[in-house]
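Rule-based calculations on the coordinates, nothing more; no lab input. These figures come from a predicted structure and were not determined experimentally. So basically every Cβ, Gly included, is an ideal-geometry build from the backbone, and we count neighbours across all protein chains shown.
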Amino acid sequence: MRLMQSLQPSSSSGSGSSAQPKNVEEAKKKKYEFWETQPVPKMNDDAPIPRDVNEPIDPNTDVAKVRKEPLPLPEGFIWVAMDIDKNEELQELYTLLFENYVEDDDNMFRFNYSRDFLQWVLKPPHYNTAWYVGVRVAPKAGATKPGKLLGFVSAIPSKIRVYDKTIAAVEINFLCVHKKLRSKRLAPVLIKEITRRVNLTGVWQALYTAGVFIPKPVSTCRYYHRSLNPKKLIEVGFSSMSRNMNMTRTLKLYRLPEAPNKTCGVGGQSLRRAVKGDLKAMYGLFTAHMAKFDLVPVFEPEEFAHWILPREGVVESYVLEKPNTSTKKKDIIAFFSFYILPSTVMNHATHKEVKAAYSFYNVTGEEHSVSLVDLMADALVVAKNTGMDVFNALNQMENEQFLKELKFGSGDGSLHYYLFNWKCATFEPKQVGVVLQ
Ligand SMILES: CC(C)(COP(=O)(O)OP(=O)(O)OC[C@H]1O[C@@H](n2cnc3c(N)ncnc32)[C@H](O)[C@@H]1OP(=O)(O)O)[C@@H](O)C(=O)NCCC(=O)NCCS
């Protein structure tokens, strides 16, 4: 079975940007009118950046030099900061993305970020509402309603460690221009405006991911997909059956136990959904684990709690416990997590949506009482029992350990990681510890 489609979070492959290069060869032939003006590595600089270079491209940190007024917009448009605590504004953002956000190359699927998901991703501790940048049609004189939302981009604060340096940065997400306004150079204006607003707070670096190739990725990871509901995935065209397979054999190949069974019960180990009281132990495991990688988020405990605690239909995390004979309590020895991001099936008579789980942070403790393969085998069962049709994972961190063994198939897209205004050596996927939604 070959998995054909590969929707990538924070990626761009949808209509309007199909002319965007997908790899370095295509990219070298293109002139990047906008990106060549930005503090990012040059596309044609072939010399690899040595490992001891790890620093800003533009060293300016003087906020006084940052432009005070918003960038000019074409006549008839205005800037707004979207208030996502207001139901109507959250709904407007939801609709813009529902109708215009990332599609796969064949325009069969489009991400459908739920309102609850947007609230989760856009409101981590210390979020800044000025960074929910919207472009609206300017309202006519006397109008009682705001003009239609036609463009958006967001930033959230994020501390990241790049090799041995920890920097205050932002994560950029949800860059979107309405289909009717594509190819009119509005995206560069949105990017410059969010940069300005972030710079005004004394932050000069950003992390972002995209399916398209722009100057210049610091890493390129691949998506892998594990069918949980193969029949539906084949019916909607997400995956196809290879010639020597039939449906019965395909279903058998991907069959999963009804309940998590590998980690459960071994040496008294048991798996359960994470709760607040688990956070301290999980945070300890997480920070020790992240030390293994070179591009990682540095979470404060309250940020970790925000990202990892389960939210119905948005993010799930499960802990694995083991009895401790000396303390007579249970120790948390591992956890897995995934976030839930459905995609709209754009033209299908019966199926409207594919429900996808995306591997988030998975940690096994140093004592190795459980392997990552066994832990993730249970994650698949939990995801299936949560109603997911497919489980997606990048080949980052230690994920290669379980991808083949657990019957993940390689997708056909790449996810490029980018750092704005930072110069450093590139990362192998296994060095990349950060997961963006
Ligand atoms: C991505 C999107 C906002 C770009 O807008 P557009 O109308 O297609 O392009 P514009 O004419 O406004 O701007 C073109 C510039 O944006 C750049 N660009 C396109 N996609 C980009 C992306 N995902 N990230 C950063 N820059 C991007 C182009 O490279 C080009 O700059 P260049 O001249 O240096 O090459 C738009 O296609 C869209 O909303 N797509 C669907 C959602 C999506 O893919 N979002 C991006 C998620 S990473």
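Worth pointing out:
- The shape of the chain can be summarised by an equivalent ellipsoid whose semi-axes, obtained from the alpha carbon gyration tensor, come to 35, 26, 22 Å from longest to shortest.
- Within the range 221-431, all pairs of alpha-carbon atoms sorted by distance into 5 Å bins from zero give the percentages 1, 6, 14, 17, 19, 16, 11, 8, 4, 2, 0, 0.
- Annotation: peptides 295-308, 352-365, ranked by per-residue average of other Cβ atoms within 10 Å with the highest first, follow the order 352-365, 295-308.
- Packing, as the average of other Cβ atoms within 10 Å across residues, places the peptides 197-208, 80-91 in the order 197-208, 80-91, highest first.
- Kirkwood-based Rg to Rh ratio, the range 2-210, C-alpha trace: 0.96
- Loop-located trypsin sites (Lys or Arg not before Pro) in the range 278-330 (DSSP state other than H, G, I, E, B) with a sparse environment of at most 14 neighbouring Cβ atoms within 10 Å: LYS292, LYS328, LYS329.
- Relative contact order %, the range 192-350, counting alpha carbon pairs below 8 Å whose residues are six or more apart: 17
- Remark: relative contact order (the chain) = 25 percent; criterion is Cα-Cα distance under 8 angstrom and separation of 6 or more residues.
- With the highest mean first, a sort of the peptides 165-176, 332-343 on other beta-carbon atoms found within 10 angstrom per residue produces 332-343, 165-176.
- For the chain, calculated [θ]222 nm from helices alone, where every DSSP H run of n ≥ 4 adds -39500 (n - 2.57): -6000 deg cm²/dmol
- Between LYS159 and VAL66, the contour length at 0.36 nm per residue exceeds the Cα-Cα span by 31.3 nm.
- Unit charges at the beta carbon, dipole of the chain: most positive-side option, LEU394, PRO310, SER239: SER239
- Charge tally in the Cβ shell below 12 Å around LYS86, where Lys, Arg are +1 and Asp, Glu are -1, LYS86 excluded: -4
- Short-range pairs are left out: with C-alpha atoms under 8 Å and at least six residues apart, the relative contact order of the range 129-257 is 17 percent.
- Rounded Å value of the spacing that divides the Cα centres of the range 187-243 and the range 106-134: 13
- Cβ charges +1 (Lys, Arg) and -1 (Asp, Glu), total dipole of the chain, debye: 760
- Stretching the chain fully between SER270 and HIS351 yields a gain of 25.6 nm (0.36 nm per residue, less the alpha carbon separation).
- At the listed q of 0.20 Å⁻¹, the Debye profile of the range 48-118, built from one uniform point per Cα, gives log10 I(q)/I(0) equal to -0.91.
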